[in-house]
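Undergrad: The structure under discussion is supplied below as structure tokens; questions concerning it will follow.
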Amino acid sequence: MSEVETPKRPSILKSKDVRMTAILWVIFTAIIGFVASTVQVRAMGAPASETMATTIKMMRVFTWAASPVAGLVAAMAATTLLAKRHYGDTPPEDADHEIRSSAKASSTWLVVSAILCLFAVIWGMIVLQNDNAALLNAKAMNVNVTGQQWVWNFDYVDNGGARSQDLYLPVDRPVVFHVTSKDVLHSFWIVQMGIKIDANPGYVTETSVTPNKIGIYDLRCAELCGLYHAYMQKKVHVVSQADYDTWIQSQGGKA
Amino acid sequence: MNKRFFAALGTVILGAAVIAGIGTYVASAKNDSRVLAATPAGTMVTPQGTLPHYTLDMSSYPDSMAGSHGKDGGVHPDWVTYGDYTNFKVPAHSVITITIKQYDSGARITNDFFATVHGTIDGTATLNGKSITTVDPQAVGHTFTLHGLADANSQLFVSVPLPSLPDSAVPDSGYSKTPNVVTFSFITGGAGEYVWNCEYPCGDGTTARFGGPMSTQGYMSGNFTVANA
Amino acid sequence: MTTLTNRPASAPGSSAPKKALMERLNVFTAFGLGIIMAVVFWYAAKALLPANTDGSFIKTNRDQWVLLSMIGWFIGFMTGIGALIGPFRWLLGKDLNHDENMFYAGKDQGVKRYFRYTTDHKVVGIQYLVVTTVIFFVGGVLAMLIRTNLGHPGGGWLQPQTYNAIVGTHGIIMIVGTIIMITGPFGNFIMPIMIGARDMAFPRLNALSFWLIVAALPPILSSFFLGGIPTGWSAYNPLADQAPPGMDGYIMFICIFAISTMVAGANITTTVVKMRAKGMTWNRTPIFIYGTVASVALALPAFPVFFLSQVMSALDRATGSTFYDTRGGGSGWLYENLFWIMGHPEVYVILIPAVAALMEMAPVFTRRPLFSFNLAIMGIAGISGLSVLVWAHHMYMTGWAPLLAGPFMLTTELISIPTGMLFLVLIGTLWRGRLWMTMPTASIYALLWNFMIGGITGIYLSDVPADAFLHGSMYVTAHFHYTLMGAGLTGAIASLVFWFPKMTGRMFDKTLSWVAFWLIQIGFNVAFMGMFMVGLAGQPRRVEAYAHMYSQGNMITTAGAYVIMAGMLVLLHGMITSWRSGVMAPMNPWFGKTLEWTVPNPVPLENFEVLPIVTEDAYGYGRKQS
């Protein structure tokens, strides 16, 4: 065969800056992924429902999925900073090349970002489907929530309509909240259960959750509703079914 | 170099001073910074055991001439107001008994929820000596409603309606000799910062009538601190 | 001083050289006439409008008087500044002659031209720069009040009403400030020179767009004295319906600002489309121009919707209509949709010029061509196009249209793709460049850092189930500060230092620019990282007080805010001292290749002696490989 071959281009990894970037990429991805996911997950605290546990998982997964991108940008940026930097009032010489584009780089970037985007969408759609299905659970207990400036009150419709300003829920039982407002917009947010739905005057909106841990959690209004929005908050008590029955009877309801 | 550094530092300090000045001015526009501490009154037996007992007295007036806003009622003599104090401090883990003398007329309360007694020891209050759990929503003067943050400690929510005096009983000047006297008791949990306000909005300037005195501390709202002894 | 003696013979008045009306009008007559008209309309409204009957609180008289009075202010101010002279003369068939137009352009007027209805785009650019600085100063003071109040958990330093009013006013003032911060000063001063034109397509509209902003400011500032705005910058009804008359100040502010934005949008778009220099094909048009046009072109459909949403709010408040009140058949969801149809494109209106400006600076400071000009355009176009399809991601939690959650999640996630393209352009331009380290260069890196954080946190928020946790918490506040301030404001400050030599003839003091840069960036990251943490832990937004568990995060944020304050004051100091006594700047201090660096300092009235002919794009850096 002919011995004339076009000389192979040197491997891209032969250049110093590419090697540096590759190394930094791995390091930064690991740091960013680990720190960003751990710190955020830690800040969210212990979940009190499957819904919240899924949200925490999502934060972790999305962070790790995004960290190679962030890591690459950081690595390339760091590599450029590590090269000789010119200070002063006159510019350095022009760069050694006139490269204006790279079809390979652009298309790779596009394809990868599209894949990541699709991944996020599909994940979100699946979780959303599950959350929507939970709203249709016929076995769930129903609680009507009314927000008004600046206090929440609850009607336990499945327990004879007992009304209270305290929210007690039996553990491991799905509950659907039917939320409305008497005046302006409020937002019904049980923090540790990861659910939220606005309270709109003139409409009833719904959200549902299954609390899976006994404890005391926080209900905080999440939509500015006037003067004492900051104080429109309440403790939510998740108790055993027996304790719930005792409590609801003390409120004039039926177990 | 030195001169430039000090010049820049000077701007920073001057800027900070301007901002501090604005802040002090804005923050000081409180109408009443005095705080009334609850008066000790022995102990009381409650469903939660025997607890120290404290009392607070206040009144709700149809205007601001009562004196705590200054001579001639201050800047807004025609505004309804609570008095004599509007900021209160009570101890934690105690029973607080509040007595309110209600001198004002009233009308139909906007939100019926607040025509009912909430959060008191047995869900009742005393009106002129009689025990009540709700008042006629058509004849409410004011309410006393406590709001708090969902903080680590237990959280209070107390709301008591204060019925109105009939229009004929409110004199043109001075106050009625027979106000409605409402008394109620509740148990404080752990320490926390609360606000209280009147939940029957009747101030003008806005369609929901939360303007005017309703949204001004020192008139129809104030601070309520539960402090560790 | 020039007196116009070349008036048409049929002009009213004597033939002796008398000062023409247009010579007498300036910002002082504008304020004077505005105040007079405000007072006149107030008393007329009080006298002519029927009194409220006692029980009817569906609407209040006060709102009617306040709105009418502010309309009076607006008419008085715009008349007093001379905005009507041009159209009025045109109506009379005696359009302005050349001398009058030159007077309008500020010829031979010295510093007075900055206080008048001057049409020279360079004057308008400087005017925008000054007013933007004032807006940021006011917004910044309000921010410091907010963070001081939030420095300790129990609240109580500011009264709740005052606090809410400050939060809302801070928000809307900063939004307006960030919208105009690049297209105002640099879109006006630099852009026409950069495309090789002598002025903008509609010089009088240029002056109009600026003076409308000035006219809009007293209404929003007066809101503090009218009870404040209790709603946050988004002014949701029904809370806005309930609000004191300060809300009317917000409504007027937005209505006037919307007109200004639409006028500026028409002007900038027409200028760029029709007045580029000979030879400047779209392929040779600098990327900053694309960014500016995209920003204002996005504003053109968005702001009329905002305008109308506020008009309906005003009608609900003042006449008892019920557009947004379910008790009358209306809906608060109508407001939310109208608001966010504007609100989402608007954040890209803010962001795109900042990224485009940094993309314009990147080749200059790496001495190599912009990486993938076409990708940059696709990115800008993609973001602009998609941004009108994503608005309801702000409404996931409203319960309005649960079936639409999925589609909006899709469109919102899709925007990350063109956004990523812009990242690639920037990082690709930095790659294998010869780095010239200046404060604008450092700003590019700061943008990459801040925008990465802002962008990724945005991805979490776009996920509907995650939003069920994050919406309405401080996490959202931190996210949008990272994008609008960490990315947007960083680009604006870099633009200031970069184009300062051309706009003022002096170099921005180097040391001060670096000190400001580091203080602002470090303070910013400390402040808003702390905010992410308390948001994740469950602190809602727009709260005057918070539970004790959030103390630590809030103290960190407040400390960071104070550092930002120091940095901004250093920046302000640098701006003023450099302007007055900075090092004189050469014509092209950055050795850039865009057309603005080919005109001398100070820039002559008509920019170019001879209009340039463009034969190549502005990215011809780099050496051919042998």
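The values are calculated or read from the model by the stated rules, or taken from the named source; none is laboratory data. Source: prediction; values computed, not measured. Backbone-built Cβ (ideal geometry, glycine too); neighbour counts: all protein chains shown.
Undergrad: Mind checking which residues of the range B:95-119 are part of a loop (DSSP other than H, G, I, E, B) and modelled with pLDDT of 90 or more?
TA: Within the range B:95-119, B:117 is the sole residue that qualifies.
Undergrad: Given (1) within 18 Å of residue C:334 (Cα to Cα); (2) out of contact with any strand residue (DSSP E or B) (no Cβ under 7 Å at 6 or more places or on another chain), identify the lone condition not met by residue C:244.
TA: Failing condition for residue C:244: (1).
Undergrad: Which condition does residue C:420 not pass, out of (1) surrounded by fewer than 24 Cβ atoms within 10 Å (Cβ to Cβ); (2) within 7 Å of chain A (Cβ to nearest Cβ); (3) touching a helix residue (DSSP H, G or I) at 6+ places or on another chain (Cβ under 7 Å); (4) within 30 Å of residue A:202 (Cβ to Cβ), if it passes all the others?
TA: Answer for residue C:420: the failing condition is (4).
Undergrad: A further question on this structure: If a residue has to be crowded, with 17+ Cβ neighbours inside 10 Å, within 10 Å of another protein chain (Cβ to nearest Cβ) and not in a helix (DSSP H, G or I) to count, how many in the range C:563-595 make the cut?
TA: Counting residues in the range C:563-595 that are crowded, with 17+ Cβ neighbours inside 10 Å, within 10 Å of another protein chain (Cβ to nearest Cβ) and not in a helix (DSSP H, G or I) gives 3.
Undergrad: Another question, then. Can you work out which of the residues in the range C:76-121 that are touching a helix residue (DSSP H, G or I) at 6+ places or on another chain (Cβ under 7 Å) and polar (S, T, N, Q) is nearest to residue C:32 (Cα to Cα)?
TA: Applying the filter and picking the extreme gives C:79.
Undergrad: To continue, here is another question. Mind counting the residues in the range A:205-234 that are more than 8 Å from chain C (Cβ to nearest Cβ) and touching a residue at least 40 places away in the same chain (Cβ under 8 Å)?
TA: Summing the residues that are more than 8 Å from chain C (Cβ to nearest Cβ) and touching a residue at least 40 places away in the same chain (Cβ under 8 Å) in the range A:205-234 gives 12.
Undergrad: Out of the range C:128-168, which residues are outside any helix (DSSP H, G or I) and either farther than 29 Å from residue B:222 by Cα or within 12 Å of chain B (Cβ to nearest Cβ) (or both)?
TA: Correct list: C:151, C:152, C:153, C:154, C:155, C:156, C:157, C:158, C:159.
Undergrad: Continuing with the same structure: Among the residues of the range A:178-196, is there at least one that is part of a strand (DSSP E or B), within 7 Å of another protein chain (Cβ to nearest Cβ) and in contact with a helix residue (DSSP H, G or I) (Cβ under 6 Å, 6 or more places away or on another chain)?
TA: yes
Undergrad: Among C:469, C:517, C:451, C:498, which is the only one that is modelled with pLDDT of 95 or more, within 10 Å of another protein chain (Cβ to nearest Cβ), within 21 Å of residue C:361 (Cα to Cα) and in a helix (DSSP H, G or I)?
TA: C:451
Results for (1) part of a helix (DSSP H, G or I); (2) away from every other protein chain (no Cβ under 11 Å); (3) surrounded by fewer than 21 Cβ atoms within 10 Å (Cβ to Cβ), shown as yes or no for each residue.
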residue: C:170; (1), (2), (3): yes, yes, no
residue: C:187; (1), (2), (3): yes, yes, no
residue: C:193; (1), (2), (3): yes, yes, no
residue: C:200; (1), (2), (3): no, yes, no
residue: C:217; (1), (2), (3): yes, yes, yes
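Undergrad: Where residues in the range C:529-553 are within 25 Å of the chain's Cα centre (by Cα) and either away from chain A (no Cβ under 14 Å) or among the charged types (D, E, K, R) (or both), which of them is farthest from residue A:56 (Cα to Cα)?
TA: That would be C:542.
Undergrad: Going through the range A:176-200 one residue at a time, which ones are out of contact with any Asp or Glu (no Cβ under 9 Å at 6 or more places or on another chain) and β-branched (Val, Ile, Thr)?
TA: A:180 - this is the single residue of the range A:176-200 that is out of contact with any Asp or Glu (no Cβ under 9 Å at 6 or more places or on another chain) and β-branched (Val, Ile, Thr).
One line per residue, one yes/no per condition, for (1) of a type in the set (D, E, K, R); (2) in contact (Cβ under 8 Å) with a residue 12 or more places away in the chain:
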site	(1), (2)
A:65	no, yes
A:69	no, yes
A:76	no, yes
A:87	no, no
A:100	yes, no
A:105	no, no
A:151	no, yes
A:165	no, yes
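Undergrad: Residues in the range C:596-626 that are in a helix (DSSP H, G or I) and away from chain A (no Cβ under 14 Å): how many?
TA: Of the residues in that region, 2 qualify.
Undergrad: For the range C:101-140, which residues satisfy the criterion of being surrounded by fewer than 24 Cβ atoms within 10 Å (Cβ to Cβ) and acidic (Asp, Glu)?
TA: Matches in the range C:101-140: C:108 only.
Undergrad: Now a separate question. Tell me, which residue of the range A:235-247 that is touching a Phe, Trp or Tyr at 6+ places or on another chain (Cβ under 7 Å) and assigned to a helix (DSSP H, G or I) is farthest from the other protein chains (Cβ to nearest Cβ)?
TA: The qualifying residue farthest from the other protein chains (Cβ to nearest Cβ) is A:244.
Undergrad: Quickly run through the range C:317-336 and pick out the residues that are surrounded by fewer than 20 Cβ atoms within 10 Å (Cβ to Cβ) and either in contact with a His (Cβ under 8 Å, 6 or more places away or on another chain) or farther than 22 Å from residue C:304 by Cβ (or both).
TA: Hits for the range C:317-336 are C:320, C:322, C:326, C:327, C:328, C:329.
Undergrad: Just to be sure, is residue B:172 of a type in the set (Asp, Glu) and in contact with a strand residue (DSSP E or B) (Cβ under 9 Å, 6 or more places away or on another chain)?
TA: no
Undergrad: Does at least one position in the range B:45-61 carry a residue that is within 29 Å of residue B:188 (Cβ to Cβ), among the small types (Gly, Ala, Ser) and surrounded by fewer than 17 Cβ atoms within 10 Å (Cβ to Cβ)?
TA: Yes.
One line per residue, one yes/no per condition, for (1) of a type outside the set (Val, Ile, Thr); (2) within 14 Å of residue C:63 (Cα to Cα):
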{"residue": "C:221", "(1), (2)": "yes, no"}
{"residue": "C:228", "(1), (2)": "yes, yes"}
{"residue": "C:238", "(1), (2)": "yes, no"}
{"residue": "C:241", "(1), (2)": "yes, yes"}
{"residue": "C:251", "(1), (2)": "no, yes"}
{"residue": "C:256", "(1), (2)": "no, no"}
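Undergrad: I'm trying to understand the selection: among the residues of the range A:63-98, which are assigned to a loop (DSSP other than H, G, I, E, B) and at the interface with chain C (Cβ under 7 Å from one of its Cβ atoms)?
TA: Selection gives A:83, A:85, A:87, A:91, A:92, A:93, A:94, A:95, A:96, A:97, A:98.
Quick grid of which residues meet (1) over 19 Å from residue C:620 (Cβ atoms); (2) in a helix (DSSP H, G or I); (3) at the interface with another protein chain (Cβ under 9 Å from one of its Cβ atoms); (4) among the β-branched types (Val, Ile, Thr):
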position: C:345; (1), (2), (3), (4): yes, yes, no, no
position: C:351; (1), (2), (3), (4): yes, yes, no, no
position: C:358; (1), (2), (3), (4): yes, yes, no, no
position: C:374; (1), (2), (3), (4): no, yes, yes, no
position: C:400; (1), (2), (3), (4): yes, no, yes, no
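Undergrad: Residues that are polar (S, T, N, Q), under 23 Å from residue C:234 (Cβ atoms) and free of Cβ contacts under 8 Å to residues at least 24 places away in the same chain: does the range C:135-151 have at least one?
TA: Within the range C:135-151 (the criterion being polar (S, T, N, Q), under 23 Å from residue C:234 (Cβ atoms) and free of Cβ contacts under 8 Å to residues at least 24 places away in the same chain), the answer is no, since none of the residues qualifies.
Undergrad: Give just the number: which of (1) in a loop (DSSP other than H, G, I, E, B); (2) surrounded by fewer than 23 Cβ atoms within 10 Å (Cβ to Cβ) does residue C:543 not satisfy?
TA: Unmet condition: (2).
Undergrad: Would the range C:429-437 turn up any residue that is in contact (Cβ under 8 Å) with a residue 40 or more places away in the chain, over 25 Å from residue C:521 (Cα atoms), part of a helix (DSSP H, G or I) and facing chain A (nearest Cβ under 9 Å)?
TA: No - not one qualifying residue is present in the range C:429-437.
Undergrad: For residue C:560, all conditions in the list (1) under 27 Å from the mean Cα position of the chain (by Cα); (2) in a loop (DSSP other than H, G, I, E, B) hold save one; what is the number of the exception?
TA: Single failed check for residue C:560: (2).
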